[in-house]
Amino acid sequence: MKRDPGALQAREHDLLVIGGGIAGAWVLWEAASRGLKAALVEVHDFGQATSWSSLKTAHGGLRHLQRADLAGFRESVRERRVLMRVAPDVVRPLGFAIPVRGAIDAVTFALAGMANDLLSVDRNRWLRADRSLAPARLIGPAEAAALAGEAFSGQSAFVWQDAQITHTERLLLALLHSSTDATAIAINHCRIDTCVRSTAGFDLQATDLLDGGKIAIRARAVVNASGAALETVANLLGETCGSPAMIRGVNVVLGRRFGLDVAVGSRDRGRFLFLVPWLDRAILGTVYDDGVSPVEDLSRELVEAGRRAFPWAGLEPDDVILTQAGHVPGASNGEPVYRTCVIEHNDPRLLSILTAKYTTARSSAQTAVDRIARALGRRIEPSVTSERLLTMAKPLTGTFEERMAQVRQNEMAMTRADALRGRLIEGALSPSVDSLDSEA
Ligand SMILES: Cc1cc2nc3c(=O)[nH]c(=O)nc-3n(C[C@H](O)[C@H](O)[C@H](O)COP(=O)(O)OP(=O)(O)OC[C@H]3O[C@@H](n4cnc5c(N)ncnc54)[C@H](O)[C@@H]3O)c2cc1C
């Protein structure tokens, strides 16, 4: 995978994707794997924005059940299964447990567990045995204590299994590798400046931010997958999105795992927090705000809330090794919206994707590419992205220096910061190995 700005202007693309987060990467793979000539332009670096900050859970959709959103629940169950099928080396089962307090909790969770199992009866179809998920259940205090030590001292718990995307950065890069192997073009550090639309398609002018060079791009259709910049990019393309306001979400990566083998949840002042084991670390999240105050304030607030929610953990501000922040669509009550939507514009050759979850990005990509093909009057192959193995979705091996050289050579890491933020696990595990803002 080489950075080649010249290739961008050497052909007319069937589809140009703007934005190289998880949404854009899935759209590129969906389009390329179905025979469309596709290209992707990312203004900074691939996967460095909200997609870098996820709590790494491939959600099966219990939140949708709470809202009686059956379609959202089924979509999440299917997409969690797809992720474990196409990227089994970086997506694996993870247990979750929350305390059950009193009879009402017990009845509510028992019903939720039954509904969850009944409605996700196909959750393990096609999966390897070591990737299949056990049913949800209520467990008594003794079993809860055995499962998560002090977290449940003397309390019953509701337990279920979801999945964890242990290496989100490798999943995203794998999508770009598979796409570029199949004739797609992807480029980072490139900004779209202008767009002129005609009956033939879209004529866009872009700037290569590494050398200031101008690039002319021709595409028959465009998908706007620019995350927090969705409205700005839609405006640049001559449209509006009318999408809900974005809210900021924050997680903190903690320097230890707290002896946890399962993620534990607990309520703090009406909201649920999760302490999630991740490799030899843990991640605490997620809190949301309007994004006005400095991110450090929200990070501090999160740690305070974590201390109240998980008093047994002895969480200290010094445990925080990294604060991760990103943007998701928000509802009027300040809570995130959990359903991704593909927004149509006046011109059917242009779509915008408002991504609510990392987990379901593939499914919205499939919808988008189906619609684009229809708008272009193109008969394309059926989608294969739910079953085709992403061969590069594996943790990188080798010493730090070897992996650094590898991503610089083969993955368009133009700076150390690109390598650490978007490609090497050290960027999130031990950011002190180097500055994440390094330009060198
Ligand atoms: C704290 C937090 C925790 C979360 N945890 C989970 C979780 O556990 N599970 C889950 O399923 N979901 C989770 N989510 C949601 C999930 O992370 C997001 O929905 C998803 O990553 C959004 O992906 P995206 O590609 O739409 O956006 P982004 O990752 O933000 O990508 C958009 C890209 O577009 C680029 N761009 C912007 N403007 C331009 C332009 N003009 N030209 C070119 N490129 C441009 C940006 O630089 C960026 O790279 C979480 C979100 C947050 C904030």
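The values are calculated or read from the model by the stated rules, or taken from the named source; none is laboratory data. No experiment lies behind these values; they were computed from the predicted model shown. Cβ atoms come from the backbone with ideal geometry, glycine included; neighbour counts cover every protein chain shown.
A few remarks follow.
- Hey, Ser332 surrounded by 21 or more Cβ atoms within 10 Å (Cβ to Cβ), out of contact with any Leu (no Cβ under 8 Å at 6 or more places or on another chain) and hydroxyl-bearing (Ser, Thr, Tyr) or not: no
- When Ala428, Ala405 are checked against the criterion of being among the aliphatic types (A, V, I, L, M), modelled with pLDDT under 95 and outside any loop (DSSP other than H, G, I, E, B), Ala428 stands alone in meeting it.
- When Arg131 is tested against (1) touching a Lys or Arg at 6+ places or on another chain (Cβ under 9 Å); (2) within 14 Å of the ligand (Cβ to nearest atom), exactly one condition is not met: (2).
The rows are residues; the columns are (1) over 15 Å from Glu150 (Cβ atoms); (2) under 21 Å from the mean Cα position of the chain (by Cα); (3) not hydrophobic (A, V, I, L, M, F, W, C).
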{"residue": "Met246", "(1), (2), (3)": "yes, yes, no"}
{"residue": "Asp268", "(1), (2), (3)": "yes, no, yes"}
{"residue": "Asp290", "(1), (2), (3)": "yes, yes, yes"}
{"residue": "Phe310", "(1), (2), (3)": "no, no, no"}
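Results for (1) surrounded by fewer than 18 Cβ atoms within 10 Å (Cβ to Cβ); (2) at pLDDT below 90; (3) over 30 Å from Asn235 (Cβ atoms), shown as yes or no for each residue.
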{"site": "Tyr338", "(1), (2), (3)": "no, yes, no"}
{"site": "Leu350", "(1), (2), (3)": "no, no, no"}
{"site": "Ser364", "(1), (2), (3)": "no, no, no"}
{"site": "Ala368", "(1), (2), (3)": "no, no, no"}
{"site": "Arg371", "(1), (2), (3)": "yes, no, no"}
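- Condition met for Ser226 (touching a strand residue (DSSP E or B) at 6+ places or on another chain (Cβ under 9 Å), closer than 26 Å to Arg371 by Cβ and within 10 Å of the ligand (Cβ to nearest atom)): yes
For (1) more than 14 Å from the ligand (Cβ to nearest atom); (2) under 30 Å from Gly113 (Cβ atoms); (3) without any contact (Cβ under 8 Å) to a residue 60 or more places away in the chain; (4) not in a loop (DSSP other than H, G, I, E, B), each residue gets a yes or a no:
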residue: Ala163; (1), (2), (3), (4): no, yes, no, yes
residue: Glu169; (1), (2), (3), (4): no, no, no, yes
residue: Leu173; (1), (2), (3), (4): no, no, no, yes
residue: Ser178; (1), (2), (3), (4): yes, no, no, yes
residue: Thr183; (1), (2), (3), (4): yes, no, no, no
residue: Ala186; (1), (2), (3), (4): no, no, no, yes
residue: Arg191; (1), (2), (3), (4): no, no, no, yes
residue: Thr194; (1), (2), (3), (4): no, no, yes, yes
residue: Ala200; (1), (2), (3), (4): yes, no, yes, no
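- Residue within segment 75-92 that is more than 9 Å from the ligand (Cβ to nearest atom), of a type in the set (Gly, Ala, Ser) and over 17 Å from Arg170 (Cα atoms) present: no
- Selection within segment 322-369 - part of a loop (DSSP other than H, G, I, E, B), within 16 Å of the ligand (Cβ to nearest atom) and over 17 Å from the mean Cα position of the chain (by Cα): Ala331, Gly334, Glu335
- Single residue of Thr359, Thr340 found to be of a type in the set (Ser, Thr, Tyr) and closer than 24 Å to Leu429 by Cβ: Thr359
- Residues located in segment 137-177, provided they are farther than 18 Å from Val264 by Cβ and charged (D, E, K, R): Glu169, Arg170
- Annotation note: Cβ proximity below 6 Å between a residue of segment 348-369 that is more than 11 Å from Val223 (Cα to Cα) and a residue that is of a type in the set (Lys, Arg) and surrounded by fewer than 24 Cβ atoms within 10 Å (Cβ to Cβ) (sequence gap 6+ or interchain) occurs for Ala356/Arg339.
- Of residues in segment 208-223 being under 27 Å from the mean Cα position of the chain (by Cα) and within 13 Å of the ligand (Cβ to nearest atom), the one nearest to Ile343 (Cα to Cα): Val223
- Lone qualifier among Ala31, Ala23, Ala49, Ala10 - being under 18 Å from the mean Cα position of the chain (by Cα), under 27 Å from Arg379 (Cβ atoms) and modelled with pLDDT of 95 or more: Ala23
- Considering segment 253-321, the qualifying strands (runs of 3 or more DSSP E), each wholly inside and each with 3 or more residues that are within 16 Å of the ligand (Cβ to nearest atom) and in contact with a Gly (Cβ under 7 Å, 6 or more places away or on another chain), run over 271-278, 281-289.
- Checked against (1) modelled with pLDDT of 95 or more; (2) within 22 Å of Met246 (Cβ to Cβ), His59 meets all criteria but (1).
- Count - residues of segment 57-75 that are under 23 Å from Gly227 (Cβ atoms) and touching a helix residue (DSSP H, G or I) at 6+ places or on another chain (Cβ under 6 Å): 6
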